[in-house]
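The values are calculated or read from the model by the stated rules, or taken from the named source; none is laboratory data. Here the structure is a predicted model, which means the values were calculated and not measured. No Cβ is skipped: glycine too gets one built from the backbone with ideal geometry, and neighbour counts run over all protein chains shown. What goes into the accessible areas is simple: the full protein's heavy atoms, side chains included, and nothing from ligands, DNA or RNA. Shrake-Rupley method; radii C 1.70, N 1.55, O 1.52, S 1.80 Å.
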Amino acid sequence: MFYFKSLRILFIIFSAFCMMDLSAQERPVDLVRPLVDAANSRWFYFNSATRPFGMVNLSPDMKIDGAWESGYRYNLDSIRSISHIHAWQLSGIPVLPVTGDFKGHLGPDVYRSKFSHANEEVRPGYHQFFLEDYGVNVELTSTTRVGFHRYTFPTDKRAHILLDLTTPLGPSTTERGYFKKVSDTEIEGWALMGPTRRRPKSTYVYYVIQLDQAADEISAWQDGSIIGEIESLKGPGIGAYFSFETLSNPVVQMKVGISYTSVQNARNNLETEAPGWDFDGVRSDADETWNEWLSKIEVEGGTDTMRMRFYTDLWHALQGRRIISDANGAYCDMTGSSPRIGQIPLDDQGKPKFNHYNSDSFWGAQWTLNTLWHLVYPRVSEEFVNSMLLMYRDGGMIPRGPSGGNYTYVMTGASSTPFIVSAYQKGIRGFDIDLAFEGLVTNHLPGGIMSKAGYEHDTYLGGGLEFYVDRGYVPYPLPKSGHSAHEDGAGQTLEYAYQDWTLSRLAEALGRENDAYYFGERAKNYKNLWMQDEGMMWIKDLDGNWEKPVDRLRYGHGWVEGNAAQFNWWVPHDVNGLSHLMGGHKSFVDRLNKAFVAAEKHDFTSGKSHSVETVEEYRRIEINYGNQPSMHTAYLFNYVGAPWLTQYWSRRVVQDVYSGVSPQYGYSGDEDQGLMGSLAVLMKIGLFSMKGGCDIRPIYELGSPIFDKVTIHLDSDYYTGSTFVIAVDKNGPQRPYIKSASLNGQAWGKSFIYHEDLVKGGVLNLSMAKKANKKWGISLADLPPSMTSN
């Protein structure tokens, strides 16, 4: 009797377990959907077989020529290469397994292969697909600096693995290459990737390729003609390939170690990170690594799709900006007249103290990476600051978007300043703050990076900084052009004013009163663009005249990747000051709310893909959550006594812009190396930082979390708390409004919380409602502070 009773109890327990919500059993890594928006991928967007910030980002390429609309493109049906580098202005080492008569010398348009999504698996750290033309099953995984391949060939055809050192690849041409046979299972060499407009110098990518079985032949081609077996070859238009019979062993494994410094370091990277041939072990380690990183934020509630998209957003926040230093700390410095191999300082165990990084601009990072990385991944933030300072030591400027050791001068202003300032203000201080302050001041003065507009390599004209300092604004057009991108004086002026404010906050924190005053005064320059007659920010020419006619929706022409309607709200450091110019908080709220009502008609973006967002008519919009200038707009309401509108509109933006897991859309044209992914994460957990966390007492403004519970695991090396929990009661799609709140058991009436309180750990309880509570978070004492007091 006892036996059957026990069985019954076990059955009930088992049945209850099976009926539990799947969210109780899922791992974050299993929820990631790498194919989101893959139909609109640019070269560095797509990720599969890679690690967090990995030097290697190994994946197949459907389109190989061009920085935009290239790499993995979901709607194309042929694979032209499998390449190891998909980074900001960097590419390299394309390979492909093929069978039958060799066609590699004829180029990727000939040797490409059909494939089908029906025979494909993609997840973090792993990619599998089948090359239909060759009958080859391909599996890919990686370590940080090593690509690991496993090919299953048919047994009735001669097999080859080609390395194409001829083809253009993403943003770069391949100028020339070199290969040397080391043994029947190994070759080594380099590819010299040509310069781009953004990266002005050719860049070497070194490689070591090893197979787990010997090739019958190692051959080469040059200029479209097969040379045959050869020990080594150097020059333009070359390629190499392994050939072998696979009747007895159709599975061939290959490892590719890469480096930007030398063949020796490529080999050391390979031997350090992937010494054996356990493909499944490396794949499993990649899986566990991603799960560990993603589990720093745990979410509960919502739908399966909501959680899938959330962890896909978080995954993208840890991608794109890639390591370029070797496992031993060697790195390539391209800031001088010729390449130089530098060395990152080593710790007591002989390991590099930090990694050196490649990245697109930090333009817009104040609202995204600053908040997410500093809070959840402070060690990453600290490494990036040290990487920036390393480049300052080498080249004399803190970069705003370095590529392969080069300055690119991408975008405008000194976008790295808020990132470094915010890190320091939040207690992330494992870097030389005196050197950092010196470099930041250099960047903000004539001859610094603020003097340069986009991709301005040889002059200091496009930034218009001298006019900004002398006249209080950057005129449009400039009297002398730097022949650079984004010479848009009004947008530059607003950006500079905010960045000056952030530097003034660091100066005050460091007790540098004169610097704090000087940059604090410059931070008021935004007022010089206020056109009182029109009640808006507008464009001034060199003589101080307003541009005519006034067209507030015209894209560019004085505005950096936006228009006057969008930049009208671009005063994040002084929302109160902007509100005063607009006639007070009520007028501010009414105007901004009308802008959102208009923006809702076009889903808050200028299109769902880059090919659409560049069409002029789609750019004539009030708010664009597909690009950086509008990222902050939903959270402005918190500052002017209408937090319920922040709650409502931020929830609407998430619903229309950052929802779903379709390959056809997801980031409205450009995810920008973690910026949009980070923004989506922050909006979904209900935290934001208007001023980029650069106050002496940084704050987080509250939005409308879409999940029932959010647990942030804090890093004990940086923060005293263990976890910070956002517990949301009565949440749902039709309940976006905060009815009441408490922090650690005490009633909370502010629409923000201080960083110092959050990182002590604790619980923020939010009770949500269908109807707005217009009495919560509205008193002057409960509003977030601005440069201008209420």
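Report the paramagnetic label zone for Asn790: residues of the range 742-774 whose backbone N is under 17 Å from a point 7 Å from Cα along the Cα-to-Cβ axis. Zone members listed by number: 748-754, 773-774. All alpha carbon pair distances within the range 45-138 were sorted into 5 Å bins beginning at 0; the resulting P(r) in whole percents reads 3, 14, 25, 26, 19, 10, 3, 0. Here the range 482-546 is treated with +1 on each Lys and Arg Cβ and -1 on each Asp and Glu Cβ, and its dipole about the Cα centre works out to around 240 debye.
Given 0.36 nm per residue, what is the gain on full extension from Asp285 to Lys760 after removing their alpha carbon distance, in nm?
167.8 nm
Assuming a ≥ b ≥ c are the square roots of the Cα gyration tensor eigenvalues, decide whether the range 317-382 counts as rounded (a/c under 1.5), prolate (otherwise, with a/b larger than b/c) or oblate.
Verdict is oblate for the range 317-382.
Ordering His149, Leu270, Asn525 by the projection of their Cα atoms onto the charge dipole of the chain, which places +1 on the Cβ of Lys and Arg and -1 on the Cβ of Asp and Glu, puts Asn525 at the extreme positive end. Look at (i) 123, 83, 77; (ii) 92, 79, 55; (iii) 107, 62, 44: the one that is Cα extents along the principal axes in Å derived from this structure is (ii).
Projecting the Cα atoms of Ala772, Ala741, Gly761 onto the charge dipole of the range 734-789 (Cβ charges, centred on the Cα centre) puts Ala772 farthest toward the positive pole. Each Lys or Arg adds one and each Asp or Glu takes one away; over the other residues whose Cβ falls under 10 Å from the Cβ of Glu671, this sums to -3.
Using Cα-only point scatterers and the Debye equation, what is log10 of I(q)/I(0) for the range 104-184 at each q in 0.25 Å⁻¹, rounded to two decimals? Log10 of I(q)/I(0), two decimals: -1.35. Summary value for the range 386-465: 32 percent relative contact order, contacts being C-alpha pairs under 8 angstrom separated by 6+ residues.
Averaged over every viewing direction, what's the projected area of the C-alpha convex hull for the range 711-790? Give it in nm², one decimal, please. Write out the running numbers ahead of the final one.
Working: hull surface 25.7 nm².
Seen from a random direction, the Cα hull of the range 711-790 projects 6.4 nm² on average.
For the range 160-178, backbone nitrogen atoms closer than 17 Å to the point 7 Å from Arg197 Cα along Cα-to-C-beta are found at 170-173.
Kirkwood hydrodynamic radius computed over the range 104-145 comes to 11.7 Å, based on all pairs of distinct alpha carbons.
Only alpha carbons enter this Debye calculation for the range 370-478, each as an equal point scatterer, and the log10 of I(q)/I(0) it gives at q = 0.13, 0.22 Å⁻¹ is -0.49, -1.15. For the range 444-553, with every protein chain kept in place, what is the accessible area per residue (1.4 Å probe, Å²)? Counting only protein heavy atoms, the per-residue value for the range 444-553 is 41 Å².
Assuming R0 = 30 Å, can you tell me the calculated FRET efficiency for the pair Thr155 and Asp30, based on Cβ-Cβ distance, to the nearest 0.05? Calculated transfer efficiency: 0.30.
Across the accessible surface of the chain, with the other protein chains kept in place and a 1.4 Å probe, carbon and sulfur atoms take up 50 percent.
Lys540 contributes about 40 Å² of solvent-accessible surface, heavy atoms of the protein only, 1.4 Å probe. Between Val110 and Lys353, what FRET efficiency comes out of the Förster formula 1/(1 + (r/R0)^6) with R0 = 56 Å and r the beta carbon distance, rounded to 0.05? Computed FRET efficiency for Lys353 and Val110: 0.75.
Given Cα pairs under 8 Å that are at least 6 residues apart, what percent is the relative contact order of the chain? Could you put the intermediate results ahead of the total?
Values: 1954 pairs, mean separation 85.0, N = 790.
The value is 11 percent.
Within the range 393-475, the trypsin sites (Lys or Arg not before Pro) that combine a DSSP coil assignment with at most 15 other C-beta atoms in a 10 angstrom radius are Arg429. Calculate for the chain the 222 nm mean residue ellipticity that helices alone would give, adding -39,500 (n - 2.57) per DSSP H run of length 4 or more and normalising by residue count, nearest 500 deg cm²/dmol. Rounded to the nearest 500, the figure is -8000 deg cm²/dmol. Only Lys, Arg, Asp and Glu carry charge here, each on its Cβ (+1 for the first two, -1 for the last two); on that basis the chain has a dipole of about 2120 debye about its Cα centre. Across the range 330-385, the relative contact order, built from alpha-carbon pairs under 8 Å that are at least six residues apart, equals 22 percent.
Debye-formula intensities of the range 542-671, expressed as log10 I(q)/I(0) at q = 0.17, 0.18, 0.21 Å⁻¹, are -0.91, -1.01, -1.28 (one equal scatterer per alpha-carbon, no solvent). Shape summary: the range 468-599 maps onto an equivalent ellipsoid whose semi-axes, from the alpha-carbon gyration tensor, are 24, 21, 13 Å in decreasing order.
Of Lys351/Lys709; Lys234/Lys353; Lys426/Lys608; Lys527/Lys586, which sit over 28 Å apart, Cα to Cα?
Details: Lys351/Lys709 38 Å; Lys234/Lys353 36 Å; Lys426/Lys608 35 Å; Lys527/Lys586 20 Å.
Result: Lys351/Lys709; Lys234/Lys353; Lys426/Lys608 exceed 28 Å.
In whole percents, the pair-distance distribution calculated for the range 189-236 from its alpha-carbon pairs, binned every 10 Å from zero, is 20, 39, 30, 11, 1. Our analysis of the range 57-194 gives Rg over Rh at 0.93, with the two radii drawn from alpha carbon positions and Rh computed by the Kirkwood formula.
Rounded to the nearest 0.05, what FRET efficiency do Glu298 and Ile696 give with R0 = 30 Å and r taken as the Cβ-Cβ distance? Could you check? So the FRET efficiency works out to roughly 0.45. Annotation: Cα Rg of the range 612-715 relative to the compact-globule expectation 2.2 N^0.38 Å equals 1.13.
For the range 278-344, the Kirkwood hydrodynamic radius from C-alpha pairs, put into Stokes-Einstein at 20 °C and a viscosity of 1.002 mPa s, yields a diffusion coefficient of 140 µm² per second. With only the Cα atoms considered, the range 643-790 has a convex hull volume of 133 Å³ per residue. In a simple Cβ point-charge model (Lys, Arg +1; Asp, Glu -1; nothing else charged), the range 104-256 has a dipole of about 880 debye relative to its Cα centre. Axis angle, to the nearest 10 degrees, between helix 279-294 and the longest C-alpha principal axis of the chain: 0 degrees.
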